[in-house]
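Below: one structure, written as C-alpha cells.
The values are calculated or read from the model by the stated rules, or taken from the named source; none is laboratory data. Small disclaimer: the values here were computed from a predicted structure and weren't measured. Virtual Cβ from ideal backbone geometry, glycine too; neighbours counted across all protein chains shown.
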Amino acid sequence: MSFEQSWWFRPRVVFHVSIFLYILRVVIKIGVGLAFASPLLVGDGVHNIGDAGVLLAAYWVIWFIANKSRGIYGPDNLPALFQLSIAVLMGVLAFWVGTASIEGLMNPGARHLDLSSLGVVSLTMVVSVAISLGAGAYQVRSGEPTLVAAGKEMRGDALIECSILAGFLGEYLFSSSSIEYGFGLVVVFLIGKTAWEMGSEAKNTLLQVSLGEAFEEGIRALVSSTYGVGETVKLETYPVLQAARIKVWVLTQGGAEANEDIREALRERIREYAEGHGHSESRPDVYFALPDPDWHRVLYALVNEGGMCFVAPNIENADMLRVCAIENGEIVSGEDIPAPKTLDEFLALVRSKHIRVYRAWNEKETVVSALHKYGVHYKKTPTILPPE
Amino acid sequence: MSACFPECVRVIFDEYDTHVPYAADLAERLNIPLTVYAPIRPEMVDLAGELLHRTPSELDDEMIRSVKDEVQKHFREPERAGTEVSLAELPRRQENDAGILVSCETDGNHTWNVLSPAGERRIFRTNKGPVLIPLGDGMSSLSAAHSGIELARRIGTKVLLWHTTWKNPLEHDPNPRKHVCPAAEKIIREAESLGRAAGVLDEDCRVECAATVVESIIRVALRSGASLVVMAGGKRKKFGAYPDRVRSRNCPVPLLILAREPS
C-alpha cells in the first residue's frame, strides 16, 4: 500500500484533523493577543477564524459534491469559488491588519513588551508556525483540490507568523512598538500577494480562460499527427485551478471500435503533453464528430454485351446506365437502369436522379455542354473498366 | 525465415484513389517501382475497340497512358517515378517475390505481403513516427522484425519493438520484462540486436502485461505515434490470426501483414 493511499490521508480525516488544529491555533492566538493587548496577534487569530470558517464551508462543498451532484454539471467550479472566497477574505484581512499597523505607527510608545511577555508570545508563534506548516503539508498531501488550496494558504500563514514573531523580537530588543507595526505592513503585502494570485487562478477557472495559443497549437499538432484523426473540429483548454481541462472534438473515418482506440490514445498523449508543459494534473476529453459524407451520385454509361460490361464511349453507344451512390469518396451502392434513347430523356433522367458527375470513355461535346447547364460535370474514365 | 526487402510496390487501380496515393508515396520513399493493375478482359477491349474504331492495342495504350497520368499525380517528383501499368489481373505471388501489395483486402491475399493503408494517403503525417513491430514467441516474429527494421531503415525512421506477456506468478519483480517466457525473450533479444545493428532502435523492447493483445497493439501504435505496424501472417486461431483481428478492428494505423509462409 502506498503512503498516499493510507487511511490517514482520506479527505474526511484530513478535514477533521485540520479543523481541530485551526481552532487550537485560534484559541491560542486570540487568548494570548487579548492578554497582551496585541492587535497584530488578535488580528492573526481572527484571520485564522476566517480560515476555519472557509474550511468548514469547503467541507460542505465536498459533502455536496458527494451526495447531491446528480443533475449538477458544473462541480468543477466549486473549488474555484472556494478559492475565490479565501482570496476575498484574505484581502479584507490585509486591509484590517494594514489599518491597525498604520494606526500603531502613528502612536509610537503606547505599548511596552517585557521579557516574560516576549517568552509567551514567542512560544505562541512557534506553536502556530508548527501547526501551520504541519497542517498545510498534511492538507496538500491529501491531493483533494479544496484541501490543497487550504493547505497552501496555511503554509502562507506560517510565513506571516514568522514575520509577526520577528516583529515582536524587534519590539523587545529596540523597545519600539513601531517595529511590530512595520512588520504588520510586510504581512499585509504578503497576504495581499497571495490573495491576488489565488484570486487570479480562481477567476481564470471560472471564466474558463484558454491555457494559451502556444499550448493549444501544440495540442492541435499532436491530435493531427495521430493516425485515424481526420480533422480537429474544435478545441477548448482552460484551467481548473492548478489542473488543466482539455476538450477536443475530432473527425474520424473509423467505426466505433477504432474511435475507442483513438480516444484512449489521444487522452494518454494529451496527458503526457500537458505534463510536459507544467500541468501535472490534466483531464483530457475527446469527442467524435461525424464527417460530412459528401453524399452524391455518379452516373456511368455502360455497354452490356452478353453479360460483359464495360464503360461506353458515349451515351449513344450505351445500352445501360449505372447509378452509383458515393459516400466519403467511396461507392456504397449502385443501380443499373436501361439507357434512354434520346438526349432529352437522358437529361430528364440525370435531373430526376440528382446526378452530380457523369462518366463515359469519350463523350461528345454537345452532351457535355448540355449536362453542364444542369450542373452535372463530365469526367472521362481512365479505363473502360466498369465500377463494381 | 524470409525477410521482406521490397523491390516493387503493387496496387490495384481504383478511380476513387483509395490506395493509390499511399502506394505511390511508399514506392517513392523506398525508391522502387510501382506497378498498378487495372485488370481488363481482352474481349472487353476488342468490343470497345470496334465501337471506337480503334485497334485493341491502341485502346490498351490509351488506357495505360490514362491510368499512368492519374497515378503520377500522387508522386512528389512525377518525373522520377517508375510507374508501370498492367491491364492484367494481379498475378500469383512468386516464391521469392518480396513486393508489397497495397490493399485493404488483407483476408483474401494471404500469399502477398499486404499493406492496408487504413485511409492514409501518405506514409508519414506531421512527424516520422516509428515502425511498430509486435513480437510474439514464434519465429515468424523474427521475420516481421527483419522486414520492419529494413523498411524503417529505408524510409528513414526508427522501430519500436513491443511484446505482451502473461504475469508469471512465481516472479515478484514488477518489471514486465522479468515475466517474459524464455522463448519470447530469445526472440526479443535477437530483434533488439538486429534493430541496433541497423541503427534504427533507440530503446529496448517495450514489454507490457496487457489485458488483450489486439486492442493493445492498436493502442500502443496510436500512443507512440507509429506510422506503420508490421506483423507476420501468424497462426490461425479460434477467432482468426492476430494480424487479421487487428485489421478487422479497423486499426487506424497502416498495417503490413507479411505473407504466410508455407508450412
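Worth pointing out:
- Some residue of the stretch B:163-177 being more than 14 Å from chain A (Cβ to nearest Cβ), crowded, with 21+ Cβ neighbours inside 10 Å, closer than 29 Å to B:VAL102 by Cβ and in contact (Cβ under 8 Å) with a residue 24 or more places away in the chain: yes
- Among the residues examined, B:PRO130 qualifies as in contact with a strand residue (DSSP E or B) (Cβ under 8 Å, 6 or more places away or on another chain) and within 14 Å of chain A (Cβ to nearest Cβ).
- Candidate set: the stretch B:29-58, residues that are of a type in the set (A, V, I, L, M, F, W, C) and either farther than 26 Å from B:ARG80 by Cα or loosely packed, with under 13 Cβ neighbours inside 10 Å (or both); chosen: the one farthest from the other protein chains (Cβ to nearest Cβ): B:VAL45
- Of all residues in the stretch B:55-99, those being in contact (Cβ under 8 Å) with a residue 60 or more places away in the chain, assigned to a loop (DSSP other than H, G, I, E, B) and hydrophobic (A, V, I, L, M, F, W, C) number 2.
- Checking each residue in the stretch A:208-231 for being outside any helix (DSSP H, G or I), closer than 21 Å to A:GLU257 by Cβ and β-branched (Val, Ile, Thr) picks out A:THR226, A:VAL229.
- Residue within the stretch A:187-204 that is surrounded by fewer than 22 Cβ atoms within 10 Å (Cβ to Cβ) and in contact with a Ser or Thr (Cβ under 6 Å, 6 or more places away or on another chain) present: no
- Selection within the stretch B:100-119 - in a loop (DSSP other than H, G, I, E, B) and buried (at least 20 other Cβ atoms within 10 Å of the Cβ): B:SER103, B:THR106, B:TRP112, B:PRO117, B:ALA118, B:GLY119
- Just so you know, in the stretch B:41-54 the residues that are part of a helix (DSSP H, G or I) and not aliphatic (A, V, I, L, M) include one that is farthest from B:VAL102 (Cα to Cα), and it is B:GLU50.
- Inclusion of B:THR212 among residues that are of a type in the set (Ser, Thr, Tyr), over 24 Å from B:ARG125 (Cα atoms) and surrounded by 13 or more Cβ atoms within 10 Å (Cβ to Cβ) is not warranted.
- Residue in the stretch B:32-40 that is in a helix (DSSP H, G or I) and on the phi < 0 side of the Ramachandran plot present: no
- The set of residues in the stretch A:226-258 being at pLDDT below 90, over 21 Å from B:GLU215 (Cβ atoms) and within 14 Å of chain B (Cβ to nearest Cβ) consists of A:GLY230, A:GLU231.
- Selected residue (only one of A:GLU213, A:GLU171 is farther than 20 Å from A:LEU78 by Cβ and at pLDDT 90 or above): A:GLU213
- Filter result for B:SER224 (surrounded by fewer than 23 Cβ atoms within 10 Å (Cβ to Cβ), touching a Leu at 6+ places or on another chain (Cβ under 6 Å), more than 17 Å from B:CYS104 (Cα to Cα) and within 14 Å of chain A (Cβ to nearest Cβ)): yes
- Candidates are the residues of the stretch A:295-315 that are in a loop (DSSP other than H, G, I, E, B) and within 12 Å of another protein chain (Cβ to nearest Cβ); the one that is surrounded by the most Cβ atoms within 10 Å (Cβ to Cβ) is A:ALA312.
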